[in-house]
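Reviewing the structure listed below.
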Amino acid sequence: MSFRQHNKDPNTAWRRDHRDALLKHGMPDSVVDDERRWTYVLLHGADEFESGWNPTWITKEQAQSLLTLLQSQYTNPVGLDLITALQRRTDAQ
């Protein structure tokens, strides 16, 4: 049986290293600091079950910055609805 240490997971390390930028671009700390919530928002793109956060809560500028930041880490957006939701948010008139 194997297990994964969170402190050695590259996605966890990336999120920790970019915490300030994620917060600046509109992600709530309750999502950034919690692995389960982060994964949920990343996969489903909206309506985090505790805070209800979704990309419509942030400005288009924040959405664009957050999208660029996420795309630097997640180069294959397949299955990551947050990236799709941010793209829609930045494209909306």
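Considering (1) under 13 Å from the mean Cα position of the chain (by Cα); (2) surrounded by 14 or more Cβ atoms within 10 Å (Cβ to Cβ), the lone condition that residue 89 does not fulfil carries the number (1).
Restricting attention to region 41-69 and to residues that are buried (at least 19 other Cβ atoms within 10 Å of the Cβ) and free of Cβ contacts under 8 Å to residues at least 24 places away in the same chain, the residue that is nearest to residue 88 (Cα to Cα) turns out to be 67. Of the residues screened, residue 44 is not one that is modelled with pLDDT of 95 or more and either under 10 Å from the mean Cα position of the chain (by Cα) or not polar (S, T, N, Q) (or both). Does residue 31 satisfy the condition of being within 25 Å of residue 91 (Cα to Cα), in a loop (DSSP other than H, G, I, E, B) and of a type in the set (A, V, I, L, M)? No; evaluated as a whole, the condition is false for this residue. Selection of region 37-93 for residues being outside any loop (DSSP other than H, G, I, E, B) and aliphatic (A, V, I, L, M) yields 41, 42, 43, 63, 66, 67, 69, 70, 82, 83, 85, 86. Does residue 14 satisfy being part of a helix (DSSP H, G or I), in contact (Cβ under 8 Å) with a residue 12 or more places away in the chain and of a type in the set (Phe, Trp, Tyr)? Yes, satisfied.
The values are calculated or read from the model by the stated rules, or taken from the named source; none is laboratory data. Just so we're clear, the structure is a prediction, and the values are computed from it rather than from any experiment. As a convention, Cβ positions derive from the backbone with ideal geometry for all residues, glycine included, and neighbour counts pool all protein chains shown.
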